[in-house]
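K.L.:
One structure follows; several queries about it will come next.
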Amino acid sequence: MNFPALKNINEFPGSIQPVITEFATKFLENLDDNVLAILVYGSAAGINYTHGVSNINVAIIVNNLDFAVLKQSVPLIKWGRKHKMATPLILTREYVMHSLDVFPVEFSEIKEQHKVIFGEDIFKDLDIPVKDVRLLCEQQVKGKLLHLRQAYLDIGSNPSVLKNLLLSALSDLVPVFRQLIILKGEKPAGQKEDMLGQLARIFSLDLQPFLAVYQDKSRKIKISSNQVEAHLQNFLDQLENLSRHMDSL
């Protein structure tokens, strides 16, 4: 099959344009006309991409998804991992349309920030119920609060492990924070630091623990070992404060 040229490649940072092009081309060659669309979402599709730190997130929409498709894709995904390509989402259109109430935050995030590089844009006009977004946000905030408390009881005060927990927790919560801002009727700021400040303002939170963890994750200012426990305490306090706002959304 002769595929049309990829589109929007020049809208990505120059350092990752060749990787995205080769990755998409390999999938098109491998899966042939089973591919309905390929899109890049997340930081690589916005203004928060940091070369060598951020992953490149890709979703591939196929007409048919069986085990053979998964098996065919494994070598390509191994190649992609060497170039900071996250394991792609491989989905059918039917799966997306029938899972909006199950993954409302995840699909809302893709809808808000993605660039189609091949095929049609099935995310652009998705109608994701607000009530499902709100419920999942509440589950994520309260679930993360419970998880971090339990992890601290299991781990104790091991600074390196606790810091990794905080880094992972913030990564998981950033999409939730963006959706909470939207639920309050505001447009999330593009820069993550500004978005975190926006969240703190809207919900009367202390920005400091979120900002400290984000700056460590983005390799700007490292959290020292003797600061980790204090940051964890404040992080937990702010999640507790945020969880109290859930019922009023």
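The values are calculated or read from the model by the stated rules, or taken from the named source; none is laboratory data. Every value quoted in this text rests on a predicted model; they were computed, and no experiment measured them. Positions of Cβ are generated from backbone atoms using ideal geometry, with glycine treated the same way; all protein chains shown enter the neighbour counts. Ligands, DNA and RNA are excluded from the accessible area calculation, which covers all protein heavy atoms including side chains. Shrake-Rupley method; radii C 1.70, N 1.55, O 1.52, S 1.80 Å.
K.L.:
Using a 1.4 angstrom probe on heavy atoms only, work out the carbon and sulfur share of the accessible area of the chain in %.
P.N.:
Accessible surface attributable to carbon and sulfur in the chain totals 50 percent.
K.L.:
From the residues V105, I122, H83, which one has its Cα farthest along the dipole of region 74-188 in the positive direction, the dipole being from +1 and -1 charges on Cβ of Lys/Arg and Asp/Glu about the Cα centre?
P.N.:
The listed residue farthest towards the positive side: H83.
K.L.:
Cross-link partners among aspartates and glutamates for K71, C-alpha distance below 16 Å, same-chain residues fewer than 8 apart left out?
P.N.:
Counting by Cα, and skipping residues close in sequence, K71 has these aspartates and glutamates nearby: E29, D32.
K.L.:
Could you pull out every one of the aspartates and glutamates with an alpha carbon less than 12 Å from that of K111, ignoring same-chain neighbours closer than 8 positions?
P.N.:
Counting by Cα, and skipping residues close in sequence, K111 has these aspartates and glutamates nearby: D121, D125, D127.
K.L.:
Roughly what angle does helix 17-31 make with the longest principal axis of the chain, taking Cα atoms, 0 to 90 degrees, to the nearest 10?
P.N.:
60
K.L.:
Also: To the nearest 10 square angstrom, how much accessible area does R81 have with a 1.4 angstrom probe?
P.N.:
So the heavy atoms of R81 present about 140 Å² to solvent.
K.L.:
Identify, among A24, A68, T50, the residue whose Cα sits farthest towards the positive end of the charge dipole of region 3-112, taking +1 on the Cβ of Lys and Arg and -1 on the Cβ of Asp and Glu, with the dipole about the Cα centre.
P.N.:
With unit charges placed on the Cβ atoms, the residue in question is T50.
K.L.:
Gap in Å between the Cα centre of region 173-249 and the Cα centre of region 13-33?
P.N.:
34
K.L.:
Percent antiparallel among DSSP beta bridges with both residues in region 1-106, to the nearest 5?
P.N.:
55
K.L.:
Separate question: Quick one: dipole size for region 132-249, taken about the Cα centre, charges +1 on Lys/Arg Cβ and -1 on Asp/Glu Cβ, in debye to the nearest 20.
P.N.:
That gives a dipole near 300 debye.
K.L.:
Enumerate by residue number the GluC sites (Glu not before Pro) in region 50-148 meeting two conditions: DSSP loop (anything except H, G, I, E, B), and at most 16 other Cβ atoms within 10 Å of the site's Cβ.
P.N.:
Of the GluC sites (Glu not before Pro), the ones in loops of region 50-148 whose Cβ has at most 16 other Cβ atoms within 10 Å are E120.
K.L.:
Right, here's the next one. Based on the alpha-carbon gyration tensor of region 207-247 and its eigenvalue square roots a ≥ b ≥ c, which shape applies: rounded if a/c is under 1.5, prolate if not and a/b is larger than b/c, or oblate?
P.N.:
oblate
K.L.:
Can you list the aspartates and glutamates whose alpha carbon sits under 19 Å from that of K26, skipping same-chain ones fewer than 8 residues off?
P.N.:
Those aspartates and glutamates meeting the cut-off are D66, E120.
K.L.:
Please turn the phi angles of region 182-198 into ³J(HN,Hα) values with the Karplus equation 6.51 cos²θ - 1.76 cosθ + 1.60 (θ = phi - 60°), one per residue in order, whole Hz, x for glycine and proline.
P.N.:
Once rounded to whole Hz, the list reads 4, 4, 8, x, 10, 8, x, 4, x, 6, 4, 4, 5, 5, 5, x, 4.
K.L.:
Also, quick follow-up: Grab the eigenvalues of the alpha-carbon gyration tensor for the chain, scale each by 5, take roots, and send me the semi-axes largest first in whole angstrom.
P.N.:
Result for the chain: semi-axes of 34, 21, 17 Å.
K.L.:
Quick one: which residues, 5 or more positions from I122 or on another chain, have an amide H under 5 Å from its amide H? H modelled 1.01 Å from N in the peptide plane, none for Pro or chain starts.
P.N.:
Answer set, sorted by chain and number: none.
K.L.:
Near the amide H of I90, under 5 Å away, which other amide H atoms are found, from residues 5 or more places off or on another chain, if H is placed in the peptide plane?
P.N.:
For I90, the qualifying residues are I60.
K.L.:
Taking a ≥ b ≥ c as the square roots of the eigenvalues of the Cα gyration tensor of region 69-199, is the shape rounded (a/c under 1.5), prolate (a/b larger than b/c) or oblate?
P.N.:
oblate
K.L.:
Could you give each residue of region 146-153 its phi-based ³J(HN,Hα) in whole Hz, using Karplus coefficients 6.51, -1.76, 1.60 with θ = phi - 60°, and x for Gly or Pro?
P.N.:
4, 4, 5, 5, 5, 5, 5, 4
K.L.:
Quick one: work out the % antiparallel among DSSP beta bridges in the chain, nearest 5.
P.N.:
Antiparallel bridges make up about 70 percent of those DSSP assigns within the chain.
K.L.:
Over the chain, what is the mean sequence separation of C-alpha contacts under 8 Å (at least six apart), divided by residue count, expressed as relative contact order in percent?
P.N.:
Dividing the mean separation by the residue count of the chain yields 18 percent.
K.L.:
Once phi is turned into θ = phi - 60°, what whole-Hz ³J(HN,Hα) does the Karplus curve with 6.51, -1.76 and 1.60 give for every residue of region 69-79, x standing for Gly and Pro?
P.N.:
5, 4, 5, 4, 7, 4, x, 5, 5, 4, 4
K.L.:
Does region 24-137 classify as rounded, prolate or oblate by the C-alpha gyration tensor (a ≥ b ≥ c root eigenvalues; a/c under 1.5 gives rounded; else a/b over b/c gives prolate, otherwise oblate)?
P.N.:
It is oblate, given that a/c is not under 1.5 and a/b is not larger than b/c.
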